[in-house]
1. Carbon and sulfur together cover what percent of the accessible area of the chain at a 1.4 Å probe radius?
2. With +1 on the Cβ of every Lys and Arg and -1 on the Cβ of every Asp and Glu, and nothing else charged, how large is the dipole of the stretch 150-215 about its Cα centre, in debye rounded to the nearest 20?
3. Find which of 205, 216, 195 sits farthest along the positive direction of the dipole of the stretch 183-239, computed with +1 on the beta-carbon of Lys and Arg, -1 on that of Asp and Glu, about the Cα centre.
4. What dipole magnitude, in Debye to the nearest 20, does the stretch 1-94 give about its Cα centre under +1 on Lys/Arg Cβ and -1 on Asp/Glu Cβ?
5. In the P(r) worked out for the stretch 1-42, what percent of Cα pairs fall beyond 13 Å?
6. Rounded, prolate or oblate: which one fits the stretch 122-177, using the alpha carbon gyration tensor with axes a ≥ b ≥ c (rounded when a/c is under 1.5, else prolate when a/b beats b/c, else oblate)?
7. Please compute the net charge surrounding residue 246, taking Lys and Arg as +1 and Asp and Glu as -1 over other residues with Cβ under 11 Å from its Cβ.
8. Based on Cβ point charges of +1 for Lys and Arg and -1 for Asp and Glu, what charge dipole magnitude is obtained for the stretch 139-250 about its Cα centre, in debye rounded to the nearest 20?
Amino acid sequence: MAHKLAAGNWKMNGTRADLGQIMALAAAHPDPAVDISLCLPATLISEAAQHVADHPITIGAQDCHSAGSGAHTGDIAAQQLLDAGARDVILGHSERRTDHGEDDALIRAKLVAACDAGLRPILCVGESLAERDAGRTLERIGAQIDGALEGSDGPPSALVIAYEPIWAIGTGRTPSLDQIGEVHDFMREQLKARYGDTAAAAVPLLYGGSVKPGNAAEIFGVPNVDGALVGGASLKESDFTPIITALSAS
Ligand code: PGA
């Protein structure tokens, strides 16, 4: 069975003044029954990691470069994130695919770099509303997973996949539970076909897109949903805690 994971994505939000939220989260979950990760702006990683050094909460990044070092102004290598205290890294988030033109081949290269450095990759996939309306959701998800995992004989170490329908991110809209279940079942089958039943069962499959305290429990009741990637509701301990509690109870 896959580990359950509640991962927060702070996106381009937060300054050092907000690190108290992370301390509060650690205090609220002294012995968590599920994995908890907060993927922060790079500026906060080092200090946040020091704050949770004695707690199972892990700190993550939101992107890494595919190269180990070199002339890439403004970019950060996976090894540098690890050195700063990150243990996880979000890859292929739809906002990076849109804002920075990231394609599946680049995301694959980043995935390899992240795994080589020893980071846990959280690979994001998801369809646009136009793709869903055209009945192309599963085709799109399948292509994104194939593109990112091409050439790997076994699952990249500690791989996590997050299904995030683009139209549900930050909008307050969520797919129906049946729609979430359909995609998660599909992803599990795709991993089984690629890596076999045992390895596929160990990959946590997260749902992301407008997860809130009010809808978390029902989403976590969907088969093959092993956790959530949470944006807006991860910024405040008081919002994230009930989501973590719901996952622990699921
Ligand atoms: P949201 O973002 O929870 O604010 O919709 C999720 C994400 O983009 O990871």
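1. 51 percent
2. Details: 5 positive and 8 negative charges, 51 e Å.
The calculation lands at about 240 debye.
3. Checked the options; the winner is 195.
4. Numbers: 4 positive and 9 negative charges, 31 e Å.
Roughly 140 debye for the stretch 1-94.
5. Numbers: 519 of 861 pairs.
Here the tail beyond 13 Å accounts for 60 percent of pairs.
6. Working: a/c = 3.17, a/b = 1.70, b/c = 1.86.
Cα axes put the stretch 122-177 in the oblate bin.
7. On the way: positive: 4, 212; negative: 218.
Around residue 246, the surrounding residues sum to +1.
8. On the way: 7 positive and 14 negative charges, 56 e Å.
The dipole of the stretch 139-250 has a size of about 260 debye.
The values are calculated or read from the model by the stated rules, or taken from the named source; none is laboratory data. Note that the structure is predicted; figures quoted are calculated from it, not measured. Ideal geometry is used to build each Cβ from the backbone, glycine not excepted, and the neighbour counts take in all protein chains shown. For the accessible areas, the whole protein counts, side chains as well, though only heavy atoms, and no ligand, DNA or RNA atoms are used. Shrake-Rupley method; radii C 1.70, N 1.55, O 1.52, S 1.80 Å.
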